[in-house]
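Structure first, then comments.
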Amino acid sequence: MTQIAAQLFTIRDFTKTRKDFVASMAKIRDIGYQAVQVSQIGDITDADVKRICDDNGLTICNTHVSVDDLLRKPDAVIEQHRLWGASHVAIGGMPLEYRESEAGFRRFAEIANGIGERLYEAGLSFSYHNHSFEFLRFGARSGLELIFDETDPRFVQAELDTYWIQHGGADPVLWIEKMQDRMPVIHLKDMVMLPAEVGGQPRPAFAEVGEGNMNFAGILAACQHIGVEWYAVEQDICQRDPFESLAISFRNLRAMGLT
């Protein structure tokens, strides 16, 4: 059965307190989601997060964790994920200090490999989530290619983001196919063009899955071909209530054949 998850970054303004988290998880459940990715929630204890998700029948499929936490307190991260029953750990992006040069990308790949090896030894996977800056080119390769070329597939996997790949001028379908056996979780979001402001050009914006211009038939077929485990719906900025956005994406994915 396909596993569709709600990335909680989408509703980050509604998960800042325990009370809000309780109400929000009930809304996520009522939409029909089976799972969540925990990201940017407020100061809520790990035990409470687990209890509230369990009460709503929601699996915690994976997370976003800071590089700093993974370097400073990996044992605490491992303990947290064991409590939550979450086997996949991801980071939301490369820290700023590594982004401007090939040497920086190479240094980050080395650090990521070490983080991933520690998590691998603990029975967890570690994935890198892209934006579009990784499509900066260093000779024949993009930065994203460098990251995955220079890390061990056992230790550094992919959490590709469909919108940001498109934003970077690359093909999400081709990138998904490249990650055969290396991507347990994907981030699904669509891209739409908004009307031009006075004197400007139409501009790309985040959209609910199926409401924009991206090739989601090809994207989902490629995901199924390589065996993606979790389909996480994320929308960085919503043009309407974010719970409504999550509901639209969920309904559209079901209409596209994800069950």
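Please turn the phi angles of the stretch 109-118 into ³J(HN,Hα) values with the Karplus equation 6.51 cos²θ - 1.76 cosθ + 1.60 (θ = phi - 60°), one per residue in order, whole Hz, x for glycine and proline.
4, 5, 5, 4, 4, x, 4, x, 5, 4
Return the long-range amide H neighbours of Glu159 (sequence gap of 5 or more, or a different chain), with a cut-off of under 5 Å between placed amide H atoms.
Residues meeting the criterion, in which the H sits 1.01 Å from N, are Tyr128, His129, Asn130.
Under the definition of Cα pairs under 8 Å and six or more residues apart, what whole-number percent is the relative contact order of the stretch 15-84?
Relative contact order for the stretch 15-84 comes out at 35 percent.
With springs connecting C-alpha atoms under 10 Å apart, model the chain as a Gaussian network and identify which of Met179, Met25, Met193 has the largest mean-square fluctuation.
Result for the chain, Cα springs under 10 Å: Met193 fluctuates most.
Could you work out which residue, out of Phe138, Phe148, Phe243, moves most in a Gaussian network model of the chain, that is, has the largest mean-square fluctuation with Cα springs under 10 Å?
Phe138
When the helices in the chain are scored as -39500 (n - 2.57) per DSSP H run of 4 or longer and the sum is shared across all residues, what 222 nm value do you end up with, to the nearest 500 deg cm²/dmol?
The helix contribution divided over the chain gives -12000 deg cm²/dmol.
For the stretch 183-237, which GluC sites (Glu not before Pro) are in a loop by DSSP, counting at most 13 other Cβ atoms within 10 Å?
Counting only loop positions with at most 13 other Cβ atoms within 10 Å, the GluC sites (Glu not before Pro) in the stretch 183-237 are Glu197.
What is the percent carbon and sulfur in the accessible area of the chain, measuring with a 1.4 Å probe over the protein chains and ignoring ligands?
Percent of accessible area from carbon and sulfur atoms in the chain: 49.
Across the stretch 190-207, in residue order, what do the Karplus-derived ³J(HN,Hα) couplings come to in whole Hz, using 6.51 cos²θ - 1.76 cosθ + 1.60 with θ = phi - 60° and x for Gly and Pro?
After applying 6.51 cos²θ - 1.76 cosθ + 1.60, I find 10, 10, 10, 9, 8, x, 5, 6, 4, x, x, 10, x, 10, x, 8, 5, 9 Hz.
Starting from the Cα of Glu100, step 7 Å along the direction of its Cβ; do the same at Gln3; then give the gap between the two resulting points in nm.
4.0 nm
If you rank Trp164, Trp84 by how much accessible surface each has, with a 1.4 Å probe, what is the order from largest down?
Heavy-atom accessible area, descending, gives Trp164, Trp84.
Which distance in nm do the two modelled labels at His225 and Ile237 give, with both placed 7 Å along the Cα-to-Cβ direction?
The modelled label-to-label distance comes out at 3.3 nm.
Distance in nm between label sites at Ala140 and Val22, each 7 Å beyond Cα in the beta-carbon direction?
Calculated label separation equals 5.9 nm.
For the chain, modelled as a Gaussian network with Cα springs under 10 Å, which listed residue fluctuates most, Gly116, Gly199, Gly227?
Gly199
Taking the Cβ-Cβ separation of Asp30 and Asp69 as r and a Förster radius of 41 Å, what is the calculated FRET efficiency to the nearest 0.05?
The calculated FRET efficiency here is 0.85.
Whole-Hz Karplus ³J(HN,Hα) for the stretch 130-136, in order, using 6.51 cos²θ - 1.76 cosθ + 1.60 and θ = phi - 60°, x for Gly and Pro?
Couplings: 8, 10, 9, 5, 5, 8, 4 Hz.
The values are calculated or read from the model by the stated rules, or taken from the named source; none is laboratory data. Given the structure is predicted, the values throughout are model-derived calculations rather than measurements. Note that we place each Cβ from the backbone using ideal geometry, even for glycine, and neighbour counts take in every protein chain shown. Keep in mind that these areas ignore ligands, DNA and RNA; they rest on the heavy atoms of the full protein, side chains included. Shrake-Rupley method; radii C 1.70, N 1.55, O 1.52, S 1.80 Å.
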